[in-house]
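Provided herewith is a single structure, encoded as structure tokens, for subsequent inquiry.
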Amino acid sequence: MEGVPFNRPYLTGREIDYVRRSLESGHLSGDGPFTERCQDLLRETLGVHKVLLTTSCTHALEMAAFLLGAGPGDEVVMPSYTFVSTANAFLLRGAKPVFVDIRPDTLNLDENKLEEALSSRTAAIVPVHYAGVGCEMTEICAIAERAAVPVLEDAAQGLFGRYRGRYLGTFGELAAVSFHDTKNFTSGEGGALLINDPRHADDAEIIREKGTNRKQFFHGQVDKYTWMRAGSSYLPSDILAAILLPQLESRERVTRERHRVYDHYARTLSGWAADNGIELPVVPAHCDQPFHMFYLLMPSLELRQGLIAHLRGLGIQSAFHYVPLHLSPKGLDLGHRPGDLPVTEELADRIVRLPFYADLTDADLTRVCDAVNGFRC
């Protein structure tokens with residue numbers, strides 16, 4: 001019997017046609033017609049000032065670090081339970097990540113522990129919307145405003161999720177989203193920088209174009225382009241945008257299918273979870289998630305590893321998630337120690353993520369749930 005993969009990128013069926021059109025257009029480099037259509041769709045749907053597609057979410061975060069002026073001597077506050085790019089974007093600029101513990105319910109940055117992590121050196125606060133469930137942005141933004149510190153949202157997993165009716169990625173001065181093939185919408189590799197503060201718009205285009213005003217030249221605003229400031233090459237090929245566009249156009253259908261998968265897991269595993277002391281994802285009533293993942297919080301590391309092995313033996317791929325950054329070799333090198341963030345450390349040891357993708361069939365869902373329900377703690 002064929003196995004059940006952990007992830008499979010979703011395709012609408014229009015990607016090949018759009019890629020062919022891109023190839024026939026003769027514009028294969030960045031900022032072509034498909035790039036513009038993706039950016040316009042995201043800008044209009046989310047209601048942000050500007051959207052710039054990038055080659056990855058990592059590069060969107062790096063651009064944000066540039067724009068916020070982070071540098072040596074600065075600190076940037078973020079959770080340790082996140083992908084390494086959140087920290088690397090600022091480490092590359094010479095700034096130091098300052099890690100805050102997470103909430104035991106949503107696994108998001110604990111807003112109640114945020115203020116004590118701020119200092120006169122804080123250059124930014126970076127909440128990460130874990131599993132696409134919104135951080136408590138009302139409290140986080142209020143703390144940031146009092147401290148006069150900008151907010152950068154890491155919404156890699158949160159595109160089209162909402163917090164109190166408002167799209168994730170629209171609260172901070174800047175936000176970053178991902179189109180990696182593990183995400184709800186994909187170009188294989190890709191991302192976008194969402195710009196809410198208009199003051200960053202012109203500089204963002206210059207940074208993205210190797211530090212030049214090349215975009216202004218193409219718009220006829222200058223008669224030649226030249227080197228304006230430090231920057232890099234963050235433009236994706238228009239071919240990648242051609243892969244992404246049909247998925248963004250099908251966002252309601254994609255979200256509906258992912259909702260189906262999530263509900264099947266929640267409904268079918270709730271009894272087993274309650275009987276075995278296992279926690280299912282928590283989504284506050286004021287959050288609308290984009291259904292990015294479904295996870296289980298097992299009672300212990302031993303049982304977590306046991307479930308993963310049990311599923312593997314049945315041909316089903318599952319996974320734990322991040323090694324907390326403060327416990328990584330680089331985190332220890334920065335002076336962190338085990339025990340610094342107890343909630344993060346405990347939950348990171350207990351989490352199991354189940355197979356999750358839009359075209360996961362009902363038959364395979366039943367197979368996964370039967371396998372999980374057959375595991376005894």
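I'd like the full set of residues that are open to solvent by less than 20 Å² (accessible area, probe 1.4 Å) and in contact with a Gly (Cβ under 8 Å, 6 or more places away or on another chain), limited to region 299-324.
Ile316, Pro324
While we're on this one: What are the residues in region 1-44 that are open to solvent by 40 Å² or more (accessible area, probe 1.4 Å) and among the β-branched types (Val, Ile, Thr), if any?
Ile16
Next question. For Thr86, state whether it is open to solvent by less than 20 Å² (accessible area, probe 1.4 Å), within 21 Å of Met137 (Cα to Cα), at pLDDT 95 or above and assigned to a helix (DSSP H, G or I).
yes
Whether any residue in region 263-272 is within 21 Å of the chain's Cα centre (by Cα) and crowded, with 21+ Cβ neighbours inside 10 Å is what I want to check.
no
So, Leu61, is that one in a strand (DSSP E or B) and touching a Phe, Trp or Tyr at 6+ places or on another chain (Cβ under 9 Å) or not?
No: the conditions fail for Leu61.
Look at Leu23 and say whether it is assigned to a loop (DSSP other than H, G, I, E, B), of a type outside the set (Lys, Arg) and more than 30 Å from Arg162 (Cα to Cα).
Against the criterion (assigned to a loop (DSSP other than H, G, I, E, B), of a type outside the set (Lys, Arg) and more than 30 Å from Arg162 (Cα to Cα)), Leu23 does not qualify.
List every residue pair whose Cβ atoms sit under 6 Å apart, with the two residues 6 or more apart in sequence or on different chains, where the first one lies in region 31-50 and is in contact (Cβ under 8 Å) with a residue 24 or more places away in the chain and the second, anywhere, is among the small types (Gly, Ala, Ser) and buried (at least 18 other Cβ atoms within 10 Å of the Cβ).
Matching pairs, first to second residue: Phe34/Ser22; Phe34/Ala241; Phe34/Ala242; Thr35/Ala241; Cys38/Ala241.
Can you say whether Arg208 is charged (D, E, K, R) and crowded, with 20+ Cβ neighbours inside 10 Å, as far as the supplied structure shows?
Against the criterion (charged (D, E, K, R) and crowded, with 20+ Cβ neighbours inside 10 Å), Arg208 qualifies.
Let me ask another. Here are the criteria: (1) of a type in the set (A, V, I, L, M, F, W, C); (2) open to solvent by 10 Å² or more (accessible area, probe 1.4 Å); (3) outside any loop (DSSP other than H, G, I, E, B); (4) touching a helix residue (DSSP H, G or I) at 6+ places or on another chain (Cβ under 9 Å). Tell me which single one Ala124 does not satisfy.
With respect to (1) of a type in the set (A, V, I, L, M, F, W, C); (2) open to solvent by 10 Å² or more (accessible area, probe 1.4 Å); (3) outside any loop (DSSP other than H, G, I, E, B); (4) touching a helix residue (DSSP H, G or I) at 6+ places or on another chain (Cβ under 9 Å), Ala124 is out only on (2).
Quick check: is even one residue across region 216-223 without any contact (Cβ under 8 Å) to a residue 12 or more places away in the chain, β-branched (Val, Ile, Thr) and assigned to a loop (DSSP other than H, G, I, E, B)?
Yes, because at least one residue in region 216-223 is without any contact (Cβ under 8 Å) to a residue 12 or more places away in the chain, β-branched (Val, Ile, Thr) and assigned to a loop (DSSP other than H, G, I, E, B).
The values are calculated or read from the model by the stated rules, or taken from the named source; none is laboratory data. No experiment lies behind these values; they were computed from the predicted model shown. Note that we place each Cβ from the backbone using ideal geometry, even for glycine, and neighbour counts take in every protein chain shown. Heads up: the accessible areas ignore ligands, DNA and RNA and are worked out on the full protein's heavy atoms, side chains in. Shrake-Rupley method; radii C 1.70, N 1.55, O 1.52, S 1.80 Å.
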